[in-house]
Structures are given as C-alpha cells and as structure tokens.
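First up is the structure itself, then whatever we jot down about it.
The values are calculated or read from the model by the stated rules, or taken from the named source; none is laboratory data. Bear in mind the structure is a predicted one, so any value in this text is a computation, not a measurement. Neighbour counts are summed over all protein chains in view; Cβ atoms, including those assigned to glycine, are modelled from backbone coordinates with ideal geometry.
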Number of protein chains: 2
Amino acid sequence: MDSVSLVKQILEPRSVALVGLPRDAGPESRNVMEYLLRHGYEGRIFPVNPNCPEILGVKTYCSVRDLPETPDLAVIATPQHLALSLVQESAEKGIKAIAVVAQGFADADAEGGKRQQEIVSVAHRYGARVLGPNTFGAANAFLNFNTAFALTPMRRVPIGMICQSGFPFAGFPRMVVVGKALDIGNTSDVDFSDGLEYFAGDDQTRLVALYVEGIRDGRRFMETAQRVTARKPVIALKAGKGVSGARVASSHSGSLTGVDRVYDAAFKQCGVLRVEDTEELVDLCRAFLALPKSRVRRLGVLTMTMAGGTMVADACEKYNMKLPAFSEDTVRKVAALAPPWLRIGNPLDQGAVNFSGAGPRKAIRVSLEAVLEDPAIDAVLVIIPALEPEHRNFRDVALEMAARYGEKPVAFWIYGPDFDGSTAADLESTGRIVNFGSLDRAVRALSRMAKYAEYVETRNDE
Amino acid sequence: MDSVSLVKQILEPRSVALVGLPRDAGPESRNVMEYLLRHGYEGRIFPVNPNCPEILGVKTYCSVRDLPETPDLAVIATPQHLALSLVQESAEKGIKAIAVVAQGFADADAEGGKRQQEIVSVAHRYGARVLGPNTFGAANAFLNFNTAFALTPMRRVPIGMICQSGFPFAGFPRMVVVGKALDIGNTSDVDFSDGLEYFAGDDQTRLVALYVEGIRDGRRFMETAQRVTARKPVIALKAGKGVSGARVASSHSGSLTGVDRVYDAAFKQCGVLRVEDTEELVDLCRAFLALPKSRVRRLGVLTMTMAGGTMVADACEKYNMKLPAFSEDTVRKVAALAPPWLRIGNPLDQGAVNFSGAGPRKAIRVSLEAVLEDPAIDAVLVIIPALEPEHRNFRDVALEMAARYGEKPVAFWIYGPDFDGSTAADLESTGRIVNFGSLDRAVRALSRMAKYAEYVETRNDE
C-alpha cells in the first residue's frame, strides 16, 4: 500500500479495532473506546477483549478473527508480550494498519529490539504495516478520532504533527497543536516520510510539525520533505542533540539520534525550519497560521517604551531582521502629531507621539496606518503595556487595521501582566495578529517566516 | 547626602511634592496624585499647580516656595522647557531628591544633553540630586507609593528594580516585579550604584533586578554590585548590545551602551547574573524567590514523557547541568513498582512506573520521595501533561512533598495547554515550586541559580 493510503487509513479510519480494551472506564482506566465516544468519533468501533461480553454497552469480540468486517486500523494495547500474536491475528484478518501501543521494545533493550523486528516481519508478510510500537497511535480532530490512552485535547487547527512521542497529543502551553497527529513511536515501520507524503496533499493541513529523535531513512525523508516544503512550512523540533540526549532518546523511542549538525544541514537543505524548543515550535505555528505569508524581513516597530525599541533592535541583529528607516511619507504623517524634539525613527517612540495633544487613539491610528502603508516596511511589531488606557487604545485601532490591511503581518508584545489575557485574546481573535511572550520570540518567529518565504522564492527561481 | 539616605528619600518619602500636576483626573489624565491616592499612599502629598486652587479636593500650591514644609521628594512633571526653573525652585526650597519626568533631554539631542547638564548643576549647587530626567520616578509597594504617570500594578514582592526605563513598572507577562523600583531614566545623576547601595541593606529586598542600557561609572558599579551579590542575587538585563541597539538606546535613555563583552566580563566578575531577555529575567526572579537557595547542579528528573527526558538532557548539556545516576536506594525503591523491562534511569520514565499496578499516586509518591531523599540529587524537575488524572496526582503529591522537603528545589514543566493555569497556580501557591514555560527555561533558570550559589561559595572561600 502506498504511504498516502496507509496514513489515510490510520488518520481517517472508517472503522477501528481496539484490541486489549480494558473492561473499566473512567479516569485512569485508559479506556480508549470511552475517549473515542467522548470525542464523538462516528466510525465503527470494534472492542476486542476475550474476558467480557460488553464494554460500555458495546458488544465485544473475543478475537480479531471474529470481527464482522476488516477494520481500517487495529490498535493493540496489550502488555507487550501479547503483541506479536495479536499483530499476527490482525494481519491475518487482513487489517493493513496496526498500531502497537506497548513500551518495552527497542526502547528497552536489544531483546526488545528483536521482538519489535519480529512484529514488523510478521506484519509485512501479510502486507500490513506497523505504527509504533510505543505509540499513542493517531488523532484527527476533523473526525473526532483519537487513539491516545488519555483524554487529550484536539482542535481543528490545520497542523499535521508527526512525532516520535505521544507528548504533542497533550498539547503545549498556550496551544493545542493536534489537528492531525501521527505518533510513530519507536518508528519500526511507519516513519516520517510516510506521514509527510500524506500531509503534502492534505488540504486540511497548512503546516506540518515534527518531533524528531532520529530519522532512519535520511534520503527518503529529504526527498519527501522537499516536496512538502514547496507547498507548506515544515517545522522540526529535533531532540537528542548531544551524548546525554542521545542516551535518553535511545531508551525512549529506540532511536539513533545521529550527529546533530548533519540534521541541521539536512533540514536546511530541504527547507525544514528547525526550532530549538517547544516554545519556538508553538510560536512558529501561531505565526504561520495567523500572519500573512509575505516577506517579513523589514520590520517597522511602534513602541510605548523605547526600552522595547532597544531590545527589539538587539533581537533584530541576533536574527538578521532589518529595521529600515521609515519612508518620507511616514515620517511626515507622524511628525505632524509628534512633539518637535522627537526624532521620528524606527523603532518609533509611540509613547511620545501619543502624549502630544491629538489624543492617543488618533496618534496610534496615524502611526499604524502610515507604517502599514509604508513600502519600506514588510511587517509591524507593536509594543504596549497591559495598562489602561494604552492597551485598549492599541487593541481597538489594531483590530480596525487588521480588517483593513490584511497583507502585512502585525505582531504584538504586551509587556505588562495581562493576567486575564483578554487583550491578547482580543487581538488574536482576528486570526491575523499574534502576541508573543517576549520581543526575542516575536523577532525570532518573524525571522523564521522570512527564512521560509525566501526558501520558497529560491525554489521557485530554480 | 549619602546614597542610602538619598534613595530612601526617593523610595520611602514621608512627603512628596507633585509639580505640574494636571487639573484633570481619570484615564489619560496622567494625574499622579489620583494614582497615589488609589494606591493608598499614606504620606503627605503637595500638589503644585498655579492655575487651580484644588485638584481632586486637595488644596494646591502655586509654587514649591509656598509649601508648608520641605518634602522628601519633588516630582517635576511639566513640559521639559519648564523643568530647569522648577528644579531650581525645588532645590532652593531645600528639597534634596528631585525627579524630572519629561523626555527631550539627552535622549533627544546634544542641545537636550546640555539642558540636562544644567539641571544637574543647579541641583548640585543646593546639595540636591536629580532622578532622571525621562523617568517614571519611583515605586514602593510596601508603602503604596508610585510616581508613574500611569496606573501601574505593584505587589509586595521582595524585588528591588533599578531601571533606565519605566517599562518594568508595568510588569512583565506573568509577573509584577515592582516591589520597589527606581527609574533612573537618562541617569544624569542618580545612578545604578546609588540604588544598589540602598538595596544592599534593604531587608524588604531579597533580589535586585536591573534594566541597563549604559553604565557610566563602571568601577563604582562593580564595587557596589560586588557588595550586593555577596548578600543577594543581582540580575541584569543589558540591552543595546550591537550597533542598532546602541543607536536606539542613545535616543531612549541617552546612554552610551559600550562594548557588549565588556559588560559580560564586568557582570561576571562581580557576580551579577546577566539574562538574555525579559522572560529569563522573570524566570530567574520566580526561581530565586520560590526555590531554596541550595546547590542545584545535579538534577533529578521525573517525567511522564520520555521525550521530555530527551529534551531535558539536551538542555542540561547546553546549560552545564548534570543528570547523575540515581543512588542505589532510589533505584531499588522505584524498581519495586516499575515494570521489569524498565531501566530505572535519570530522567525517570515515571509514565511507565505509574502504569504498573500500584496506582499512579503511590508510584509518584515513591519516586518523588526517593529522589528528594537521594543524596546524589540537588534539585528535582517534574514533567507532566495538563491532562486528567496525571496532573492532579502529581499536584497533590508535590504539594505534600513541598511541605515535607523544603530544602530541595522542585521545578515543573506542565506541557499541556493548562488554559486556566490552575495546576500551575496550585503548585506555585506553595511558594516553593515553580512551573516554567519550557524545559529549556527551567534548566536555564536552575543553572543560573547554581552559578550564583557557586559564586557566593567562591567568595566565601576567599
């Protein structure tokens, strides 16, 4: 079966067999059927458990052999010593996609690695493919489908996640990333490239995120990733960088992490954006989903504190972003409102402009509009405190502008303790503005967007 | 007047003259008296405004000359062209601490620089000292005192902030840092060293934070800082690192930013912890205030996802933290509950231990207690999803442990979208546990704590 069809069966199954489903339900039961029903999955579910006639009111089957049809996907969630024979039964039944949940294979020791290899061999003998072992399986918010043995949140975000761990299923601080997710676990068989092939052509996915410990088939990965990055951004969090991380990764996903700079070079070559940590991953997902995908190197900054201007200038040097002079038109418009002693520069001391007589709303509108129309500027960063009345003035004007100027990204850093998050939430409700946790993070995310835009341009020039 | 007495008059004034106080109140009025009254300041306030007999029901004075007493502090918040004569009047009246709020001095141009110098000269002629110009003034949450011309939040956190900008008065995402804050603005006279002398001996301050663009008197700064760091941590956010940042800083605080690596070396020599951005500043403040100040280099990790283990190992290599093997006792205690295939390592796959029969609460208690008692481990980092029931189990056990084991820092990374923040809030309500935004940030903060502890030890050895 080709990768696209295979992953389609895993991520969009019309029917699923849950093998080794526990009898109990409720917290700590790890009853995947309960979770599937709570999520509202509408496909057919076949619970398999030889020890009880029904679970949660659904008739169980003693064995996969007894199922009335061949489901798209089998999820085998038994202790690991039972997995091999159940994989064999499933494959014999004709099931082509088989997820093995248990740990204790290549992640445990060489013995476990052998057992893992046997499982794959048996599956392949029948033309079946193995997801995992050591996997949460798959999730697809668009179908309310999720095989994780925990009630993990899903949102219909256009993010496709391929991960050698279940942790992205839980989401990250500030973001549920699981629109669709494929946990390839120990990656004994189904791998990154299979997932990438599927996401390349998936219209529900605008961005692909990877959690990588080790990639086995580097050449195929690069070829596939290159096809995806031509169409949508691929972001990779690669862990297991050094000796210590490599040791842990081998006991986690059984991965060989490889030499870190080889990954750096490979990602770069195929246009995959490598991020340093989970926060950068989330920042970049939010930026790509919310902000228009224009060139963004030339940043215009409006700030209520010039300390923010100094810090943003530092960040721009660090991340190779530009703070060009505003065009004459912009300077003229702002100068008409500003106090005479103010140098109208970029970053613009909007605090001084605001307190100059025209009233802050008018001052903000004039400055923001001028910068959004300035041909020397690609993207705008606004720095404001979470204080009344400043943040309300900026919010209102920014919301108005976001509706009128859809083509230039607008990012914010709100630097007070906006404890209830309401200003940030209002701004982000437009789907066009992102508030970042710090100036460094804002500039970093914009610079990565610029990098991706430049990569795509270069590709198109070739 | 010595620095301590001077800064005491600024931060703990028994009386304050507000010169150039606007008649209006309410949002956008910048009426500092209104804010002082709302904060609940109990000192005497003398509003000075020649154009109206009373403001907010308080009798105004036409001039500083008419005040019935000599207040500890004068805050001159007029347009800048009026500042010089009002500083002179205040100094003639005998006021020794004079804050000048207006922008447009050394921050604007050479002309402004000269005017700034005149102000200082006039003040010094009368034995007075100048805070700013271009300053929010001072804030002291312990006295409900705050001269910022915006209603900025204060909390009685034991943080003393000295800043060349008013922005820290607004606070940061996740934290109000203003216990006491001194905005030295353009730093024409009162400078970092004056503030440091005060905070060195101030019992309400356990930690000093600096926002620096440029330090003029390097030698005095280093001598003073060294005295402070022997007693409490000093954290510095130094901005204006490169060419572009230097340009902005000069138009912000009129500072010469200097060569960045000179600051690096100077901070290092006097034990000042330099942070990269506002997030690290907040992380470090939270860590120092909440966590016991022990050595923390040898980290023990309990994690619900071994991906977290891999990422934390990467972070430990990056920040020179250690992940030593657990002692035999710990391994034995955990192994008694763990599945046989599990290698009991550090990081510990607590997910595997939890799902092994004893029940997650018991498993968490056994592991956490063992690691907290393990002599090979200095500090504990716990990695959990914001999912039921895991985070509740960990929270309950961690709260219990925090009460029993006060001497080892316990940090968390909660990696799901804990949208309401309740788990983190519960954990942090102990005042002994900190939840960080990412593993990188958790390890970075702990490593900076370790660095400080080692610095103090070295000093004590000398």
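A few points about this structure:
- Residue among B:309, B:351 that alone is in contact (Cβ under 8 Å) with a residue 60 or more places away in the chain and not acidic (Asp, Glu): B:309
- Per-region count, the range A:22-66, residues more than 14 Å from chain B (Cβ to nearest Cβ), surrounded by fewer than 19 Cβ atoms within 10 Å (Cβ to Cβ) and either of a type in the set (Val, Ile, Thr) or part of a loop (DSSP other than H, G, I, E, B) (or both): 13
- Taking the range B:177-200 as the range and being part of a loop (DSSP other than H, G, I, E, B) and under 22 Å from residue B:290 (Cα atoms) as the test, the residues that pass are B:177, B:178, B:179.
- Qualifying residue in the range B:197-215 (condition: over 19 Å from the mean Cα position of the chain (by Cα) and either small (Gly, Ala, Ser) or more than 25 Å from residue A:312 (Cβ to Cβ) (or both)): no
The rows are residues; the columns are (1) within 14 Å of another protein chain (Cβ to nearest Cβ); (2) of a type in the set (Gly, Ala, Ser); (3) within 28 Å of residue A:245 (Cα to Cα); (4) within 15 Å of the chain's Cα centre (by Cα).
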residue	(1), (2), (3), (4)
A:98	no, no, no, no
A:115	yes, no, yes, no
A:119	no, no, yes, no
A:126	no, no, no, no
A:189	no, no, yes, no
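- Across the range A:146-176, the number of residues qualifying as more than 7 Å from chain B (Cβ to nearest Cβ), assigned to a helix (DSSP H, G or I) and in contact (Cβ under 8 Å) with a residue 40 or more places away in the chain comes to 1.
- Taking residues in the range A:120-131 that are not assigned by TED's automatic domain parsing to the domain that holds residue A:9, and partners anywhere that are among the small types (Gly, Ala, Ser) and crowded, with 20+ Cβ neighbours inside 10 Å, not one pair has Cβ atoms closer than 9 Å while being at least 6 places apart or on different chains.
- Residue ID - nearest to the chain's Cα centre (by Cα), chosen from residues in the range A:1-21 that are assigned to a loop (DSSP other than H, G, I, E, B) and without any contact (Cβ under 8 Å) to a residue 60 or more places away in the chain: A:14
- One residue from A:280, A:276 being closer than 27 Å to residue B:437 by Cα, free of Cβ contacts under 8 Å to residues at least 60 places away in the same chain and within 11 Å of chain B (Cβ to nearest Cβ): A:276
- When residue A:193 is tested against (1) surrounded by 24 or more Cβ atoms within 10 Å (Cβ to Cβ); (2) over 16 Å from the mean Cα position of the chain (by Cα); (3) of a type in the set (Ser, Thr, Tyr), exactly one condition is not met: (1).
- Failed item in (1) β-branched (Val, Ile, Thr); (2) surrounded by 24 or more Cβ atoms within 10 Å (Cβ to Cβ); (3) closer than 22 Å to residue A:414 by Cβ, with residue B:184 passing the rest: (3)
- A residue that is polar (S, T, N, Q), under 32 Å from the mean Cα position of the chain (by Cα) and more than 14 Å from every other protein chain (Cβ to nearest Cβ) occurs nowhere in the range B:346-369.
- The lone criterion from (1) surrounded by fewer than 19 Cβ atoms within 10 Å (Cβ to Cβ); (2) of a type outside the set (Phe, Trp, Tyr); (3) in contact (Cβ under 8 Å) with a residue 12 or more places away in the chain left unmet by residue A:75 is number (1).
- Output for the range B:201-260, where each listed residue is part of a strand (DSSP E or B) and not small (Gly, Ala, Ser): B:207, B:208, B:210, B:211, B:212, B:234, B:235, B:237, B:238
- Test for residue B:312: is it surrounded by 24 or more Cβ atoms within 10 Å (Cβ to Cβ) and at pLDDT 95 or above: yes
- Close Cβ contacts (under 8 Å, 6 or more residues apart or on different chains) running from residues in the range A:316-327 that are assigned by TED's automatic domain parsing to the domain that holds residue A:297 to residues that are assigned to a helix (DSSP H, G or I) and surrounded by fewer than 17 Cβ atoms within 10 Å (Cβ to Cβ) comprise A:317/B:243.
- Taking the range A:382-429 as the range and being in a loop (DSSP other than H, G, I, E, B), touching a helix residue (DSSP H, G or I) at 6+ places or on another chain (Cβ under 8 Å) and away from every other protein chain (no Cβ under 14 Å) as the test, the residues that pass are A:405, A:408, A:409.
Residue-wise test of (1) part of a helix (DSSP H, G or I); (2) closer than 23 Å to residue B:390 by Cβ.
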position	(1), (2)
A:90	yes, no
A:98	no, no
A:111	yes, no
A:117	yes, no
A:120	yes, no
A:134	no, yes
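- Restricting A:151, A:131, A:143 to residues that are modelled with pLDDT of 95 or more, surrounded by fewer than 23 Cβ atoms within 10 Å (Cβ to Cβ), closer than 24 Å to residue A:37 by Cα and not small (Gly, Ala, Ser) narrows the list to A:143.
- Evaluated against (1) assigned by TED's automatic domain parsing to the domain that holds residue B:410; (2) touching a residue at least 12 places away in the same chain (Cβ under 8 Å), residue B:340 falls short on exactly one condition, (2).
- Residues (in contact with a strand residue (DSSP E or B) (Cβ under 7 Å, 6 or more places away or on another chain), part of a loop (DSSP other than H, G, I, E, B) and either among the acidic types (Asp, Glu) or facing chain B (nearest Cβ under 9 Å) (or both)) located in the range A:305-345: A:305, A:323, A:342
- For the range A:396-422, filtering for residues that are surrounded by fewer than 23 Cβ atoms within 10 Å (Cβ to Cβ), β-branched (Val, Ile, Thr) and in contact with a strand residue (DSSP E or B) (Cβ under 9 Å, 6 or more places away or on another chain) leaves 0.
- In the range A:430-462, the qualifying residues are those that are part of a helix (DSSP H, G or I) and polar (S, T, N, Q), and the one that is modelled with the lowest pLDDT is A:460.
- Residue B:94 over 30 Å from the mean Cα position of the chain (by Cα), modelled with pLDDT of 95 or more and surrounded by fewer than 18 Cβ atoms within 10 Å (Cβ to Cβ): yes
- If the condition is being part of a strand (DSSP E or B), out of contact with any Phe, Trp or Tyr (no Cβ under 7 Å at 6 or more places or on another chain) and closer than 20 Å to residue B:228 by Cα, then the range B:267-301 contributes only B:275.
- Candidates B:168, B:158 - the one that is within 10 Å of the chain's Cα centre (by Cα) and farther than 27 Å from residue A:303 by Cβ: B:158
- Test for residue B:287: is it in contact (Cβ under 8 Å) with a residue 60 or more places away in the chain, away from every other protein chain (no Cβ under 13 Å) and within 17 Å of the chain's Cα centre (by Cα): yes
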